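What follows is a short report on a single structure.
The values are calculated or read from the model by the stated rules, or taken from the named source; none is laboratory data. Note that the structure is a prediction, hence the values are computed from the model and not measured. Note: ideal-geometry Cβ built from the backbone for every residue, glycine included; neighbour counts use all protein chains shown. Note: areas computed on protein heavy atoms with side chains; ligands, DNA, RNA excluded. Shrake-Rupley method; radii C 1.70, N 1.55, O 1.52, S 1.80 Å.
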Amino acid sequence: MRRSTIIAAIALAGGCTPTQGGVGSGDTGASGSGSGTDTGTSAGQTSLPPATTGDDTSATDDTADGTATEASATTTGDATSESSSGEPGCGRDDTDVRWAEDGTVDPPMELFDSDILGMPIAFSPSAGQGTLTLEIETQCDGPVYLWGLVWDSLPGREPNNPDSYWVTVDDGEEIAWEYGCHTDASAADSWTWVQVAVSNDVCDRSAFDLVLPAGPHTIVIRNREDGAGTNVAAIAGVVLSHDPATDPSVFLDPP
């Protein structure tokens, strides 16, 4: 399919235009949170997901006194944990966001402008191929937590659709983040903030343990499952914080 045809398909789907593109190759991924196995081959050309939104069932909830509490049982640590140097953790003072447009994409991952979200988003149609690399810097040592603003066309635990990524921080282990297990099944075609966690094929998840020193760090998000049309995995941004009770929607609450 010629690029002009791809652009037309994207415009029909969401009124959005690509900011950069290209086609490349990569390694073979693993099966997703309800999809078939990754083959490392493209499932066809992709169009941009619409930008309606749902709620992350694992996101933070507000208590009666206005403080945020973590609904997910998968996070560990707290905002007052000490760093490896013995100094208090940074907590909310060391919370930051990186949007897809701040990073570097490796084809077939591409950036596409979302008129509704008001920013570029990244996605790849090919299993195991295409990465988004984000650089971020922490101000102090200690445990950190990640959230991603992600697209899921068929939310919930059961649907068989692309809704996962591989995630690596610095030179650490690449983990399977099956975020579709934890999006709101009542909100089809939705953007949701979901905490990055280690997942498995039955949707159980455990904490993504990250204890990082102060300084610059690299987050690599690699596509995991085939996709086509609006049925793709897509990501708009990542929030990093020392505070497990952080509400990432303060950076952007999708419409």
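Taking first residues from the range 105-125 that are closer than 22 Å to residue 225 by Cβ and among the charged types (D, E, K, R) and partners that are assigned to a strand (DSSP E or B) and open to solvent by 20 Å² or more (accessible area, probe 1.4 Å), the Cβ contacts under 8 Å between residues at least 6 apart in sequence or on separate chains come to 106/131; 106/133; 110/18. From the list 135, 158, the lone residue that is closer than 24 Å to residue 208 by Cβ and not in a strand (DSSP E or B) is 158. Under the condition of being hydroxyl-bearing (Ser, Thr, Tyr) and within 15 Å of residue 171 (Cβ to Cβ), the residues counted in the range 189-221 number 1.
Note on the range 94-108: residues that are in a strand (DSSP E or B), of a type in the set (Asp, Glu) and either modelled with pLDDT of 95 or more or touching a Cys at 6+ places or on another chain (Cβ under 8 Å) (or both) total 1. Do we find that residue 152 is charged (D, E, K, R) and buried (at least 24 other Cβ atoms within 10 Å of the Cβ) in this structure? In short, yes. Which residue is surrounded by the fewest Cβ atoms within 10 Å (Cβ to Cβ), if the candidates are limited to the range 161-173 and must be without any contact (Cβ under 8 Å) to a residue 60 or more places away in the chain and assigned to a strand (DSSP E or B)? Checked the range 161-173; the qualifying residue surrounded by the fewest Cβ atoms within 10 Å (Cβ to Cβ) is 168. Right, residue 176: in a strand (DSSP E or B) and open to solvent by 10 Å² or more (accessible area, probe 1.4 Å) or not? For residue 176, the condition - in a strand (DSSP E or B) and open to solvent by 10 Å² or more (accessible area, probe 1.4 Å) - is met. Within the range 160-172, being out of contact with any Gly (no Cβ under 6 Å at 6 or more places or on another chain) and either farther than 18 Å from residue 240 by Cβ or modelled with pLDDT of 95 or more (or both) holds for 161, 165, 166, 167, 168, 169, 170. Evaluated against (1) in contact (Cβ under 8 Å) with a residue 40 or more places away in the chain; (2) in a loop (DSSP other than H, G, I, E, B); (3) crowded, with 17+ Cβ neighbours inside 10 Å, residue 181 falls short on exactly one condition, (2).
Condition check for residue 175 on (1) at pLDDT 90 or above; (2) touching a helix residue (DSSP H, G or I) at 6+ places or on another chain (Cβ under 6 Å): one failure, at (2). Count of the range 109-149 residues, restricted to those that are modelled with pLDDT under 95, open to solvent by less than 10 Å² (accessible area, probe 1.4 Å) and touching a Ser or Thr at 6+ places or on another chain (Cβ under 6 Å), is 1.
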